[in-house]
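Enquirer: Questions regarding the structure given below will be posed in turn.
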Amino acid sequence: IEVLKNKKGMILKEDDFVIIKANWQDKAANMQEIAKKLNIGIDSFVFFDDTPQERELIKGMFPEILRPDISKDLTNEINDLDALGLFDDGDITKEDAKRTEYYKANIKREEARNTFANIEDYYYYLNMEVFIKEEKDSYSASRISELTKRTNQFNLTSNRYSKREIKDFL
């Protein structure tokens, strides 16, 4: 935490992370805890580590997690990751930019949930509203495409669609 706060030239800061696990627990256990806390599948993770032993630990515990090997020359690690094509394709939506805050808010909601005697009181506390609308603009196509790639909750077919395909559907 001290490095994130005070190291000169550090791009990432503490607030850029939803959960920080810097402890003596093994990485597999930490990853399992993070998946549970974020309510995401362990298969959503990409485990990037410069230590072959750590990658083997994760392979043994969670074979569904992608564990890319990296170059011996650590200056190429960003290129190694980018070459895998696993991350955003550059079409960043407003929701993408707020993802860390969404995860943090969801953790707080889950913690609050345990303080209510029944689910109705919890829903009332959340003050939820639902809006359904038809959109045909570029932003909507980007957001819909993103949702088909990131969630199975509302995508029962598991099909993934590009922004162009969504625009064609609209």
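Enquirer: Tell me which of Gln25, Leu84, Pro68 sits at the most positive position along the dipole axis of segment 1-98, charges placed on C-beta atoms (Lys, Arg +1; Asp, Glu -1).
Expert: Gln25
Enquirer: Ordered by packing density, taken as the mean number of other Cβ atoms within 10 Å over each peptide's residues, highest first, how do 10-23, 53-66 rank?
Expert: Result, highest mean first: 53-66, 10-23.
Enquirer: If you don't mind, there's one more thing I want to ask. Report the gain in length on full extension from Glu56 to Asp26: 0.36 nm times residue separation, minus Cα-Cα distance, nm rounded to one decimal.
Expert: Additional length available on full extension: 9.6 nm.
Enquirer: Find the Cα radius of gyration of segment 1-94, compare it with 2.2 N^0.38 Å by division, and give the number to two decimals.
Expert: It is 1.18.
Enquirer: How much of the accessible area of the chain, in percent, comes from carbon and sulfur atoms when a 1.4 Å probe is used?
Expert: Here it works out to 52 percent.
Enquirer: Between Glu134 and Lys36, what's the calculated FRET efficiency when r is the beta-carbon distance and R0 is 25 Å? Round to 0.05.
Expert: For Glu134 and Lys36, the calculated efficiency is 0.10.
Enquirer: Highest mean first, how do 27-39, 114-126 rank when packing is the count of other Cβ atoms within 10 Å averaged over residues?
Expert: Values: 27-39: 14.9, 114-126: 10.4.
The most tightly packed comes first, giving 27-39, 114-126.
Enquirer: Roughly speaking, what is the centre-to-centre gap between segment 1-32 and segment 94-133 when only Cα atoms are used, to the nearest Å?
Expert: 25
Enquirer: On to the next question. Taking the Cα centre of the chain as the origin, how large is its charge dipole in debye, to the nearest 20, when only Lys and Arg (+1) and Asp and Glu (-1) carry charge on their Cβ atoms?
Expert: Details: 28 positive and 34 negative charges, 51 e Å.
Dipole magnitude for the chain comes out near 240 debye.
Enquirer: Given 20 °C and 1.002 mPa s, how large is the Stokes-Einstein diffusion coefficient of the chain in µm²/s, with Rh as the Kirkwood radius over Cα pairs? Don't skip to the answer; put the middle values down first.
Expert: Working: Rh = 19.3 Å.
So the translational diffusion coefficient is about 111 µm²/s.
Enquirer: Also: Straight distance only, please: which lysines reach the Cα of Lys104 with their own Cα at less than 17 Å, same-chain residues fewer than 8 apart left out?
Expert: Within the straight-line limit of under 17 Å, Lys104 reaches these lysines: Lys13, Lys21, Lys36, Lys37, Lys94.
Enquirer: Which value in nm describes the separation of the simple spin-label points at Tyr125 and Leu4, placed 7 Å from the Cα toward the beta carbon?
Expert: Taking the simple label geometry, Tyr125 and Leu4 are separated by 2.6 nm.
The values are calculated or read from the model by the stated rules, or taken from the named source; none is laboratory data. Given the structure is predicted, the values throughout are model-derived calculations rather than measurements. Methodologically, a virtual Cβ is constructed for each residue, glycine included, from the backbone with ideal geometry; neighbour enumeration extends over all protein chains shown. Areas reflect the complete protein model, heavy atoms only, side chains present, ligands, DNA and RNA absent. Shrake-Rupley method; radii C 1.70, N 1.55, O 1.52, S 1.80 Å.
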